[in-house]
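Okay, structure first, notes after.
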Amino acid sequence: MAKEKRSYEEQTSDPAAQEMLIRADELGIGTAFSRADDMVPCNIGGAGMCCKLCGMGPCRLTKDGQTGVCGATIDTIQARNLIRAIAAGGAAHSDHGRDMAFTLKAVANREAEGYIIRDVAKLRTVASKYGIPIDKRSPEEIANDLADLYIAQFGQQRGELVPVIRAPKKRQQIWREQGVVPRGVDREVVEALHRTHIGDDQDPEHILQHAIRVALADGWGGSMIATDVADILFGTPAPILGQANLGVLKDDMVNVVVHGHEPTLSQMIVAASQDPEIIEYAKAAGANGVNLSGICCTANEILMRQGIPAAGNFLHQELAILTGSVEAMVVDVQCIMQALVELATNFHTKIITTSPKVKIKGATHIEFDEQHALTIAKQILRTAIDNYKNRGATHIPQIKEDLIPGFSHEYINYMLGGSYRASFRPLNDAIMSGRIRGVAAIVGCNNPRSKQDYLHTYVTQELLKQDVLIVETGCGAIAAAKLGLLLGEAGLDKVGAGLREVCETVGIPPVLHMGSCVDNTRILTVLTQMAEEGGLGDDIDQIPAVGLAPEWMSEKALAIATYCVASGAYVIFGGSSPVSGMPDRVSDSDIVLHYISEGWESIYGGKLEFIPDPDEMIRATLAHIDKKRASLGLPIYDPDRFGRSGDARMLELESLPFEERRKALYGTPVV
Ligand code: BF8
């Protein structure tokens, strides 16, 4: 039975999205929002109680004590389903990391058209961590060695993944004692599949111990490699002015939207779009040039490095096409809805798949190959420009917001201490004094089962009032951007007094955009540096910090959650739990639910909980932060202790209406 259709305001909190959903209904076109209303989720599968791992089933367990045909219990089935999801998520991130490492190898050997090593300093820093010689060697020689080392991490059979040495010493010790240091990225994923085949590992806790190892192979392996190499090849992000939301699409230009995750092609499309030959070609087609924008994590990659605007997050992919203004949506891997192709048949938009791993029936396939990257990027742009003449009526919501992304951990380190004394000391001091109560990482997806962006932005705003510094990645960061929360001083009147003082002193927004989903490894690095700086314990689990994914939906999100837990973090997910079990059965006997929470906490100091109610999420976050503050012997958080050191300029700015204040701070907004 279909659910009742929600109102537009119930489906999304973003006015641009509401406008496009009205448009979709006018045109009689369905979207993920309406499909979510039409499709009631399966409550047995949703709770992790359906096993379809062999031909004797699928076995749907609906009664306490019931088992599958083979005798598998609900707990075993839930653990198997969970580890398989974590393995798939980790595989997606890590395969992305593998491709980045191969690109680095090709660039080092001058076999990749159009790419250069942009951040030689980061290359040297990363290579030194692993003992790769850097003195008197060319960047290409160093990059070649680093690429070989990184490529080897995927197929390694024994030993330890090398990036693990970047974790706090105490954390490494815990992992070694537990036997969960990943041996090789691929090995851990394969073993997860093996263990969950019919008749293999049947002890839920034993299965979930391996889930930790698979997830660590992602966070301290594949994803970390992806971030390192992206920075080396395309530049380590630093603050830059950008824009977000559908209003970045332009009526008088050829709109090309890049969507997916890997920055290799999108960075080359950025370069190609600025080529005079391509601009001329677009003008000859009657347009004023090519207007590039992004969706999902590809958006984050080019936004934080080049300031290319983000058309939106996950649930905006269909809405961008509904504007009728997109000549081409160029997709690579992950989070690409199959519905795009059918939707695009109502307009002139071409869906162009580019990855050898991803094809969609009905899409145009122009395969990307790093050896001819610039040539292929230009071919894609010419295809889009040729399509401009086919554009019909457009409907672009005139809604967009400025933002300042680009807070890599290197930049945070620099901004806190300057060139000569770059350090996390000021951040640790601010937490120790209580000016900053703690840190929350708010990350992850949109999910059409919940009101788009609402949970992200509500939790963010409420925690800011409580002097919690926020870091964001992925679709969560774009949600905050669309609401103007990544705008530096302009939003500080809504922030706790102590946090506000720190932001004013350092000159940062209270919400720091740290990149795409693979860049959650930047957060691991920040937490490690905070632990190593001193004053907040000597391991990640002692820091007053919490990770939240209020609107999660992907398997990648589960992999991220698990490696954060294994690294010592308390992680809260919104929405529904994939291991919730029977609604009336949450009890001590619910092994998986308890094991990923109290069980993992007793071993790793971090835990994973699913909390659908946003106020309860906030309460749990603050309670955890305060508990960690107390364990460190830090002063009890007092909201009235700080905030009297504001300067006259801020007070003067505060008295101005919002638009005038913004103009005074940023000048004329970029149109
Ligand atoms: O990797 S946050 S919806 S886009 S999975 Fe996908 Fe989720 Fe967005 Fe980036 Ni991450």
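At a glance:
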quantity	calculated
Inter-probe distance in nm under a simple model that places probes 7 Å from Cα toward Cβ, at Arg421 and Arg23	5.2 nm
Lysines with Cα under 30 Å of Lys627, excluding same-chain neighbours fewer than 8 positions away	Lys169, Lys170, Lys465, Lys494, Lys556, Lys607
Two-site FRET efficiency, Asn288 against Leu241, from Cβ-Cβ distance with R₀ of 25 Å, rounded to 0.05	0.75
Full-stretch length increase - Ala121, Lys169 - with 0.36 nm per residue and alpha-carbon distance subtracted	14.8 nm
Inter-label distance, nm, simple model (7 Å from Cα along the C-beta direction), His365/Asn43	4.2 nm
Cβ-defined net charge surrounding Val257, 13 Å radius [Lys, Arg +1; Asp, Glu -1]	-1
Under the span-like rule (Cα at least 30 Å along the axis, Kyte-Doolittle mean at least 0.5), DSSP H helices of the chain	none
Sequence-separation-based contact order of the stretch 144-262, relative, with Cα cut under 8 Å and 6+ spacing, percent	24 percent
Viscosity 0.890 mPa s, temperature 25 °C, Stokes-Einstein D of the chain from Kirkwood C-alpha radius, µm²/s	96 µm²/s
Alpha-carbon centroid distance for the pair the stretch 467-510 / the stretch 330-368, whole angstrom	35 Å
Sulfur and carbon atoms: percent of accessible area, the stretch 390-492 [1.4 Å]	50 percent
Among beta bridges that DSSP assigns inside the chain, antiparallel share in %, nearest 5	10 percent
Net charge of neighbours whose Cβ lies under 15 Å from the Cβ of Ile636, counting Lys and Arg as +1 and Asp and Glu as -1	+2
Whole-percent carbon and sulfur share, accessible surface of the stretch 162-256, 1.4 Å	54 percent
Span from the the stretch 225-260 Cα centroid across to the the stretch 404-438 one, whole angstrom	25 Å
Prolate/oblate/rounded label for the stretch 504-555 (Cα gyration tensor, a/c 1.5)	oblate
Peptide ranges 654-662, 283-291, 144-152 listed from the most packed, as the mean C-beta count within 10 angstrom indicates	144-152, 283-291, 654-662
Where the chain is the region considered: accessible area per residue in Å², 1.4 Å probe	37 Å²
Estimated inter-spin distance, His372 and Gln178, nm [label 7 Å along Cα→Cβ]	4.8 nm
Theoretical gain in end-to-end length, Glu205 to His594 [0.36 nm per residue, Cα-Cα removed]	139.0 nm
Residue-span extension gain [Asn390 to Arg35] - 0.36 nm each, minus C-alpha spacing	125.0 nm
Length-normalised contact order for the chain - Cα pairs under 8 Å, 6+ apart - percent	15 percent
Förster-model FRET efficiency, 30 Å R0, Val190 and Arg60, C-beta, rounded to 0.05	0.60
Cα lying deepest toward the dipole's positive end in the stretch 64-178, options Ala143, Gln172, Tyr115, charges on Cβ	Gln172
Distance between the stretch 1-71 and the stretch 110-171 - C-alpha centres, whole angstrom	43 Å
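The values are calculated or read from the model by the stated rules, or taken from the named source; none is laboratory data. Model, not experiment: these values are computed from the prediction. Here the Cβ is made from the backbone with ideal geometry for all residues, glycine too, and neighbour counts use every protein chain on show. These area figures cover heavy atoms from the full protein model, side chains too; ligands, DNA and RNA do not enter into them. Shrake-Rupley method; radii C 1.70, N 1.55, O 1.52, S 1.80 Å.
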